[in-house]
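Below is one structure, written out as structure tokens; comments come after it.
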Amino acid sequence: MGKIIRYNIPTHSIAWHNFRRAGLTEEDCIKYNSDPYSGGIGASEISKLFPQSGNKWRPVLPELYHFKIGTETPSLENNAFTVNGLYDEEKIKLYWSLYNGVDNELWDSVIKYIYGTPGERNKLYVRRARRVNAYLVNSDFPFLFASLDYHAEKETLALTGVLKPNGFPLECKTVNGKYARMWESGLPEYHIIQAQQQMLITETDYCEIAALVDGRYFNIYPVERDDRICKLILIKGREFWEQIMEGREKLKMIYKSYESGNAENAERLRAEIDSCEPDIGDTEAAEEYLKERYYKEVDKISGDFDHYDLAIKYKTCAEYIKAIKGEQQYCKNHLIQIMKDYAAEKIDFDEAGYVSLMKDANKKNPTFRNNIRFAPDAEKVRAEIDKLDLNLFN
């Protein structure tokens, strides 16, 4: 077991951002009486190393790579999204604290809490958790860190009914708009990976994620530790961090080259850093990042066969997307039709799972969920997509 090191740094302070980007400066260490830290990969960042995790947000992986090296600088400005997210965390934690396992009773408890006296409020708590205003690093793998929202108190009963003597991490999520649909079939994979890193660092075996979806629907997701995922986090995290440290060394050499007047060597080293960027990926956020970095030096270049194949593949994918969306909607409509015809809220497949059409509290229409225990073979799906590379000129 490693030593769990706490870095007590005010959330969203300059030092807090320094820690996330490239570690603590000497000034930060003195100011906050902290041990030196050269940086690492956060629990909310690690899923970017898992291409199929569904993490579609900035920074994209090449951007994160440059942030950690120091060749690009993230924006440190707070915005409405950040501030409202922090405010919502307190509200979601309150819901979690009052939730007794019965959905219909939660909102009654919230109303009683709002209008109750301090003594009455205190009696309403079912479970308690404390905010963690610190970064956590495990000495066994210092290239990873975690920033927990909360930690459930000792001797807290998990949602699964098991008593946790040392408590467990608690994450609070706000899910709005078009991303709410991603939660209909369960917890997104990138949040599962985040929870696994938190458990890995805190040496716990359980975590809960409390989510408020569209400001109306509250749910708690229990996450058990998965040693297979934890092992992949360690392998992928170490490889990425070694890549970052190599880039940092090259950046130091760039500064020395400029100081000695050797601009040609500096440009060569910068090209080497750029050539080691991770793959850009296939998200809209990646497209946005590429456009931000774009600048024009020439009007045009001559396209080769590979470029033309990519353009053809892009056009073909658009038609596949139309067809696949239509087929998916067809399947969904017919499953709903079956439940409607039988006036049933669920099609049960025993151990293979179920499909349901169930009414959620305060929601006008029932929600469709496909919870069958089947996951398409990602490699086979990718192989089918790769067939779109038409190789027109081979």
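The values are calculated or read from the model by the stated rules, or taken from the named source; none is laboratory data. None of the values given here were measured: they were computed from a predicted structure. Every residue, glycine among them, receives a Cβ derived from its backbone with ideal geometry; neighbour counts consider all protein chains shown.
For this structure, a couple of remarks:
- The set of residues in region 331-387 that are surrounded by 11 or more Cβ atoms within 10 Å (Cβ to Cβ), in contact with an Asp or Glu (Cβ under 8 Å, 6 or more places away or on another chain) and either of a type in the set (S, T, N, Q) or under 30 Å from Asp282 (Cβ atoms) (or both) comprises Ser356, Thr367, Phe368, Arg369.
- Qualifying positions in region 7-48 - aromatic (Phe, Trp, Tyr) and in a helix (DSSP H, G or I): Trp16, Phe19
- Conditions (1) within 24 Å of Cys172 (Cβ to Cβ); (2) in contact with a Gly (Cβ under 8 Å, 6 or more places away or on another chain): number failed by Lys48: (2)
- Exclusive hit being over 33 Å from the mean Cα position of the chain (by Cα), over 30 Å from Pro142 (Cβ atoms) and surrounded by 10 or more Cβ atoms within 10 Å (Cβ to Cβ), set Tyr258, Tyr314: Tyr258
- Scanning region 109-143 for residues that are closer than 30 Å to Glu239 by Cβ and surrounded by 15 or more Cβ atoms within 10 Å (Cβ to Cβ) yields Val132, Ala134, Tyr135, Leu136, Val137, Asn138, Phe141, Pro142, Phe143.
- In region 230-248, residue farthest from Phe67 (Cα to Cα) [restricted to those that are hydrophobic (A, V, I, L, M, F, W, C) and surrounded by fewer than 19 Cβ atoms within 10 Å (Cβ to Cβ)]: Cys230
- Look at region 158-170: where a residue is within 16 Å of Ile220 (Cα to Cα) and a partner is among the polar types (S, T, N, Q) and part of a loop (DSSP other than H, G, I, E, B), sitting 6+ places away or on another chain with Cβ atoms under 6 Å, you get Phe168/Thr204.
- Being small (Gly, Ala, Ser), closer than 18 Å to Ile14 by Cα and either outside the structural domain of Pro10 (by TED's automatic domain parsing) or within 26 Å of the chain's Cα centre (by Cα) (or both) is a property that holds for Gly70.
- Within region 191-239, considering residues that are assigned to a helix (DSSP H, G or I) and among the β-branched types (Val, Ile, Thr), the one nearest to Trp96 (Cα to Cα): Ile192
- Qualifying residue in region 207-220 (condition: surrounded by fewer than 18 Cβ atoms within 10 Å (Cβ to Cβ) and under 29 Å from Val137 (Cβ atoms)): yes
- Subset of region 132-190 [at pLDDT 90 or above and in a helix (DSSP H, G or I)]: Glu189, Tyr190
- A single entry from Glu277, Glu264, Glu284 fulfils the requirement of being over 25 Å from the mean Cα position of the chain (by Cα) and either over 30 Å from Lys359 (Cβ atoms) or without any contact (Cβ under 8 Å) to a residue 40 or more places away in the chain (or both): Glu264.
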